[in-house]
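Here's the structure, in structure tokens; my notes come after.
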Amino acid sequence: MESIERHIPPEYVQLNVGKNNQDLESAIERLTKGKTYKDLSTIWITPSKDGNIKARVVSSWIALVRPMNQMLLGPVIIEGDEVGVAYQKAFDMVLSHDELSKWKYIFTVETDNLPPPDGLLKLYESMEQGYDCVGGLYWTKSAKDSEVYSQPMIYGNPYEFPRNFRPQVPVPETLMHCNGLGMGFNLWSIESLKVKLKDMPRPWFKTVQEVGKAFTQDLWFYNESAKYGWRNACDTRVKVGHLASDGVVW
């Protein structure tokens with residue numbers, strides 16, 4: 001009997017294997033680069049003093065692509081506390097938990113941040129470069145209709161001395177080593193928190209307003225943790241909007 005395959009046009013046979021199988025080397029490279037076959041277990045933490053989160057923010061969170069068949073708990077919303085206190089409670093809760101302390105990452109997302117759909121997947125990828133914390137690129141808020149004072153939250157060039165937290169000029173589409181970040185869209189290594197910071201005094205997150213010394217809870221953490229070898233980077237591919245109360249997205 002004559003083979004049926006002889007009457008199927010060659011281009012149909014090729015299409016039937018599927019886009020990924022057709023270029024298997026590229027598909028394998030993509031999977032290897034994304035590291036989604038590894039353990040990416042993650043606890044999502046969000047501080048919210050009043051518990052109110054804008055619908056626009058929630059919509060962006062719903063659109064966030066999560067890795068297939070991976071454990072992602074949350075968002076766990078810490079309500080009613082000052083932001084530094086909320087973060088300390090959340091991190092202590094994870095690190096003291098018998099099961100959660102064995103997971104891979106803490107994922108911090110704040111209630112005025114609008115991440116891109118692929119933002120989390122890109123942060124997972126960037127964490128493979130040996131950093132303890134990687135964040136997306138977002139900017140400080142400014143006065144309405146003014147862009148003069150809005151600054152990128154990429155703080156301090158690690159190769160400059162003395163150590164500083166001056167905003168750095170973003171380098172597009174890359175991973176920028178820096179002294180500090182915001183905390184609005186960050187991925188943190190739980191293993192690094194347990195090992196590198198085991199001797200770092202608590203609270204790790206502390207808002208300080210004193211004469212000659214002023215730190216928000218994030219820069220307090222980055223300033224202190226550097227003494228223990230902590231390393232941060234900003235992934236400028238991950239462009240995160242920063243929603244102001246007047247509806248302007250910085």
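Any read-out appearing in this document is the output of simple, stated calculations on the displayed coordinates, not a laboratory observation. Quantities reported herein were computed from a predicted structural model and do not represent experimental measurements. Cβ coordinates were reconstructed from backbone atoms using ideal geometry, including for glycine residues, and neighbour counts include every protein chain displayed.
Some notes on this structure:
- Here the gap between E25 and E160, fully extended at 0.36 nm per residue and compared with their Cα-Cα distance, gives a gain of 44.5 nm.
- Geometric extent, Cα atoms of the chain - Rg, Dmax (angstrom): 21.5, 93
- Highest-MSF residue in the chain out of G74, G180, G18 [GNM, Cα springs under 10 Å]: G18
- Between S150 and K194, the modelled label-to-label distance comes to 4.1 nm, taking each label 7 Å out from Cα in the direction of the beta carbon.
- Positive-end extreme of charge dipole, segment 73-219 - chosen from L120, Y149, H177 (charges on Cβ): H177
- Sequence-distant lysines (8 or more away, or on other chains) whose Cα lies within less than 23 Å of K194: K35, K38, K89, K102, K104, K206, K227
- Largest GNM mean-square fluctuation among E128, E79, E160, using the chain with Cα springs under 10 Å: E160.
- C-alpha long axis of helix 83-96 to longest principal axis of the chain, angle in °: 60 degrees
- The label-point distance for R202 and M68, in a model that sets each label 7 Å from Cα toward Cβ, rounds to 4.0 nm.
- Sequence-distant residues sharing a close amide H with R237 (under 5 Å, placed H): E173, T174
- Largest first, the three principal axis extents of the alpha carbons in segment 193-250 are 42, 34, 17 Å in whole numbers.
- Computed label-point distance, nm, for sites R56 and D98 using a 7 Å Cα→Cβ extension: 4.5 nm
- Alpha-carbon Rg with Dmax, taken over segment 77-134, Å: 13.2, 36
- Lys/Arg +1, Asp/Glu -1 at C-beta; the chain dipole; positive extreme among L40, P162, A226: P162
- If a spin label sat at a point 7 angstrom from the Cα of D81 along the line to its beta carbon, the backbone N atoms of segment 224-250 nearer than 20 Å would be those of 224-225.
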